[in-house]
1. Condition test on ARG151, is it closer than 20 Å to ILE405 by Cβ, under 18 Å from the mean Cα position of the chain (by Cα) and not in a strand (DSSP E or B)?
2. Any residue in the stretch 150-173 that's without any contact (Cβ under 8 Å) to a residue 40 or more places away in the chain: show its pairings with residues that are buried (at least 22 other Cβ atoms within 10 Å of the Cβ) at Cβ separation under 6 Å, as long as the two are six or more apart or on different chains.
3. Which one of the conditions (1) surrounded by fewer than 18 Cβ atoms within 10 Å (Cβ to Cβ); (2) assigned to a loop (DSSP other than H, G, I, E, B); (3) within 21 Å of the chain's Cα centre (by Cα) does GLN366 fail to meet, given that it meets all the rest?
4. Within the stretch 369-413, track down each residue that is at negative phi, of a type in the set (Gly, Ala, Ser) and in a loop (DSSP other than H, G, I, E, B).
5. Answer yes or no: is there a residue in the stretch 113-128 that is among the basic types (Lys, Arg) and part of a strand (DSSP E or B).
6. Report, ordered by the first and then the second residue, all pairs with beta carbons closer than 8 Å, sequence separation of six or more or different chains, a first member in the stretch 45-72 that is under 27 Å from LEU106 (Cα atoms) and modelled with pLDDT under 75, and a second member that is surrounded by 16 or more Cβ atoms within 10 Å (Cβ to Cβ) and not polar (S, T, N, Q).
7. I'm trying to understand the selection: among the residues of the stretch 346-360, which are in contact with a helix residue (DSSP H, G or I) (Cβ under 6 Å, 6 or more places away or on another chain) and either part of a loop (DSSP other than H, G, I, E, B) or modelled with pLDDT under 95 (or both)?
8. Across the stretch 199-245, what is the total count of residues that are closer than 30 Å to PHE5 by Cβ and in contact with a strand residue (DSSP E or B) (Cβ under 6 Å, 6 or more places away or on another chain)?
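The values are calculated or read from the model by the stated rules, or taken from the named source; none is laboratory data. Quick caveat, the model's predicted, so the values are computed rather than measured. Don't worry about glycine lacking a Cβ; one is built from the backbone with ideal geometry, like all the others, and counts go over all protein chains shown.
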Amino acid sequence: MLLPFLYAAVDTAKRSAQPFRAVADYSAKALRDPSNPFAETYVGRSWAAAFDLFETLTRNYKKPAFDLPGLKVYGQPVTVTEKVVWSKPFCELLHFEKDPETYPKLRAKFPHPKVLIVAPLSGHYATLLRGTVEAMLPEHDVYITDWLDARDVPLSAGRFGLDDYVTYVMEMLRHLGPGTHVVAVCQPGPACLAAASLLHEDKDKAAPRSLTIMGSPIDARRSPTAPNKLSEERPYKWFVDNMIHCVPLPYAGVGRKVYPGFLQLTAFINMNRERHTNAQYDYFKNLVKGDGDSVQKHRTFYDEYLAVLDLSADFYLETIDRVFQRHELPKGEFKVHGRLVKPKAIKDMGLMTVEGENDDISGIGQTQAAHDLCTSIPKDRKIDYIQEGVGHYGVFNGTRWRTEIQPRVRDFIRANM
């Protein structure tokens with residue numbers, strides 16, 4: 001049976017394709033060389049485009065960089081440096097540190113609340129939230145969870161499950177200290193609500209001042225989408241048998257059981273297969289035409305989209321079981337290391353939920369469910385917002401995020417300082 005060796009087979013195939021990618025890359029450059037008489041012919045451009053497309057589709061994409069552009073705070077240029085301020089085997093906490101000479105002056109003049117953006121651990125790197133970070137930076141002191149690839153975590157580091165995820169969020173909040181605001185993007189919503197509940201119940205000084213949950217499966221029973229239905233229709237054992245694989249050599253996490261990034265990526269693409277197929281065809285045509293702007297936009301998007309990481313099998317399977325099959329949080333049965341989570345314990349915290357009208361991953365109502373669980377939060381500290389005309393990714397990236405959603409999140413955070 002090939003399935004147990006699928007990870008090794010896919011990894012070997014990628015490595016084996018490397019010399020062919022090198023040949024394709026060299027051939028494309030040679031065909032576009034101005035000294036080549038075929039460079040400006042239709043045949044020459046077509047062959048160069050074909051080689052370019054082959055190299056793109058077979059590349060082993062690495063973790064992207066945030067590579068944020070020059071930042072201006074109230075019209076004044078400010079240098080931003082990425083700094084790791086907290087670290088555990090499966091995650092690092094990144095701080096987008098502003099120029100220490102300029103920032104204190106700006107902060108004394110304008111509010112810059114401390115914000116922890118909790119990125120999803122669902123296949124892509126935290127850099128998928130580049131647009132989220134970029135919009136928040138000018139008026140906030142921004143931190144983000146940078147989840148690490150499980151294939152690079154040695155077995156000696158131990159397991160990492162859903163309870164550990166919640167514990168990580170709590171530890172990061174304690175590291176950041178009082179007055180922190182949390183923005184949970186997509187998948188981490190249940191974990192962040194659990195972390196906030198436990199901290200508030202303990203009257204911990206690190207309990208967040210506000211929690212914004214965006215496009216998240218707080219209660220996946222509401223307006224179930226295709227991924228929700230798949231999670232419920234398939235028995236738990238199916239996910240164990242078909243989605244979990246062992247990391248092969250030469251990775252540091254050899255022997256660790258993971259949900260491979262390439263399987264998650266396949267699922268993402270299959271949800272919109274026609275759109276991705278058409279995008280590659282348009283990319284080929286634009287290469288032939290020499291439409292540099294369109295080609296660069298395509299490369300920028302897919303360099304990010306095709307870069308994926310492996311998830312710890314424990315975390316993935318527990319999320320399937322507890323969030324999407326047994327619905328523990330909305331049923332009042334969610335426990336963290338044996339301790340029951342009580343969202344009604346939250347009293348002194350603002351709660352905002354954001355959903356996309358056309359979200360095909362977290363349907364309308366799934367995120368709103370947080371308000372029904374947090375019964376002790378005053379109504380005047382709750383906001384529920386549905387953004388018209390956007391899907392899942394439009395909730396935290398793109399024009400509507402920058403112009404309509406982020407300003408509302410900013411005002412909500414300021415109202416709860």
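1. Working: closer than 20 Å to ILE405 by Cβ: no; under 18 Å from the mean Cα position of the chain (by Cα): yes; not in a strand (DSSP E or B): yes.
It is false that ARG151 is closer than 20 Å to ILE405 by Cβ, under 18 Å from the mean Cα position of the chain (by Cα) and not in a strand (DSSP E or B).
2. Matching pairs, first to second residue: MET170/ALA195.
3. (1)
4. Residues of the stretch 369-413 that are at negative phi, as a first pass: 369-388, 390-397, 399-413.
This time we only want the ones that are of a type in the set (Gly, Ala, Ser), so: 369-370, 376, 391, 394.
Residues satisfying the conditions are SER376, GLY391.
5. So in the stretch 113-128, the residues among the basic types (Lys, Arg) come out as 114.
Next cut, part of a strand (DSSP E or B) only: 114.
Taking every residue of the stretch 113-128 in turn, at least one turns out to be among the basic types (Lys, Arg) and part of a strand (DSSP E or B).
6. What qualifies is PRO69/GLU134.
7. Of everything in the stretch 346-360, just one residue is in contact with a helix residue (DSSP H, G or I) (Cβ under 6 Å, 6 or more places away or on another chain) and either part of a loop (DSSP other than H, G, I, E, B) or modelled with pLDDT under 95 (or both), namely ILE346.
8. So the answer is 2.
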